[in-house]
1. Checking Phe77 against (1) assigned to a helix (DSSP H, G or I); (2) among the hydrophobic types (A, V, I, L, M, F, W, C); (3) closer than 23 Å to Val218 by Cα; (4) modelled with pLDDT under 90, which test does it fail?
2. Is it the case that Ala164 is within 25 Å of Leu21 (Cα to Cα), aliphatic (A, V, I, L, M), within 23 Å of the chain's Cα centre (by Cα) and surrounded by 14 or more Cβ atoms within 10 Å (Cβ to Cβ)?
3. Take the residues of the range 208-235 that are out of contact with any helix residue (DSSP H, G or I) (no Cβ under 8 Å at 6 or more places or on another chain) and either basic (Lys, Arg) or at pLDDT 85 or above (or both): which is surrounded by the fewest Cβ atoms within 10 Å (Cβ to Cβ)?
4. Pairs please, first residue from the range 54-66 and in the same structural domain as Ala7 (by TED's automatic domain parsing) and more than 24 Å from Ala164 (Cβ to Cβ), second anywhere and β-branched (Val, Ile, Thr) and surrounded by 14 or more Cβ atoms within 10 Å (Cβ to Cβ), Cβ atoms under 7 Å, 6+ apart in sequence or on different chains.
5. Under 7 Å between Cβ atoms, which residue pairs at least 6 apart in sequence (or on different chains) link something in the range 185-198 that is within 16 Å of Glu155 (Cβ to Cβ) and in contact (Cβ under 8 Å) with a residue 12 or more places away in the chain with a partner that is charged (D, E, K, R) and loosely packed, with under 15 Cβ neighbours inside 10 Å?
6. For the range 1-12, how many residues are buried (at least 24 other Cβ atoms within 10 Å of the Cβ) and either in contact with a His (Cβ under 8 Å, 6 or more places away or on another chain) or closer than 13 Å to Arg100 by Cα (or both)?
7. Which pairs turn up if I take residues in the range 74-86 that are on the phi < 0 side of the Ramachandran plot and look for partners that are part of a helix (DSSP H, G or I) and among the acidic types (Asp, Glu) with beta carbon separation below 7 Å, at least 6 apart in sequence or on another chain?
8. Look through Glu69, Glu35, Glu101 and report the one residue that is closer than 22 Å to Arg184 by Cα, modelled with pLDDT under 85 and surrounded by fewer than 22 Cβ atoms within 10 Å (Cβ to Cβ).
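The values are calculated or read from the model by the stated rules, or taken from the named source; none is laboratory data. A quick note: this is a predicted structure, and the numbers were derived from the prediction, not measured. Reconstructed Cβ throughout: ideal geometry from the backbone, glycine too, with neighbour counts over all protein chains shown.
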Amino acid sequence: MDSEELAKVVSALLVPTLPYLIRGARQAGTTIREEASKQAQRLWAVVKPKIDETPSGSSAAADVADAPEDLDAQAAFRLQLRKLLAQDPAFLEELSQVWRETGQAAGRGGKRVVTVGGGVSSSAVVAGDSNTLITGTQVTHNVQERMQGAEAPLEVLFTLALSAVQSREPDPDVDREEIEQIVRRLQDEVARGEQANLARFDRWLRFLAEMAPDVLEVVVPRLLDPAMGMATAIRGVAGRYADLRGGSKPLP
């Protein structure tokens, strides 16, 4: 695997976990699957010393830790990692080896761990199931079962949404647990595709718009991204909630 591809897959797995790896947030176990957390810790142990060698690298990592849903921050972190890998063949080989080992370990456990790189809409990584790699909607690397290309981005989208929920400041008007429940309901409904109950979907988006607009801003733009492959009906409802930030548009 070359430096560009390795930077994509490794940053993909690290991005959702950096708030916990760097900030030590206690909610790691509730928002990041155990398998992903273990993989990320092994990868971060190799990446961190190199990232910390440069101010731009450590700054990029800190930015992702502060806002893992920020696509610009993700891209900056990925770029720094790619540069370091391209400049240091020994680092490239070491990280490649750890990546292979973590993927194989997940495969032996029989569980799939999903995350994304290159921006949520542009690529996805599945570690596990014989180290299956999904990039966009293309499936490669020893696939043992057929998968829908939108499955991985969908799971990652809601992992990021749950991460946004857990990183919120305490709100006297709504509990984190209540928002998390709504996000999980949204995920289940979106997964139904064209069979989704649009009335319920709309109601839950409205809840986020009213009670957790910061979480809505994580969810809606990605549902509308054509690369995510969302059902037409889902995109139609989600479109009503676009551009709501800052109260610039009334609720539909």
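1. (4)
2. Answer is yes for this residue.
3. So the first thing to find is which residues in the range 208-235 are out of contact with any helix residue (DSSP H, G or I) (no Cβ under 8 Å at 6 or more places or on another chain), and the list is 210, 221, 225-226.
Narrowing the set further to residues that are either basic (Lys, Arg) or at pLDDT 85 or above (or both) leaves 210, 221.
Numbers: Glu210: 13, Pro221: 19.
Here the residue is Glu210.
4. Gly57/Ile51
5. Close Cβ pairs (under 7 Å, with a partner that is charged (D, E, K, R) and loosely packed, with under 15 Cβ neighbours inside 10 Å) amount to Glu189/Arg200.
6. 2
7. Ala76/Asp63; Arg82/Glu4
8. Numbers: Glu69 fails: surrounded by fewer than 22 Cβ atoms within 10 Å (Cβ to Cβ); Glu101 fails: closer than 22 Å to Arg184 by Cα.
Just a single option satisfies the conditions, and that option is Glu35.
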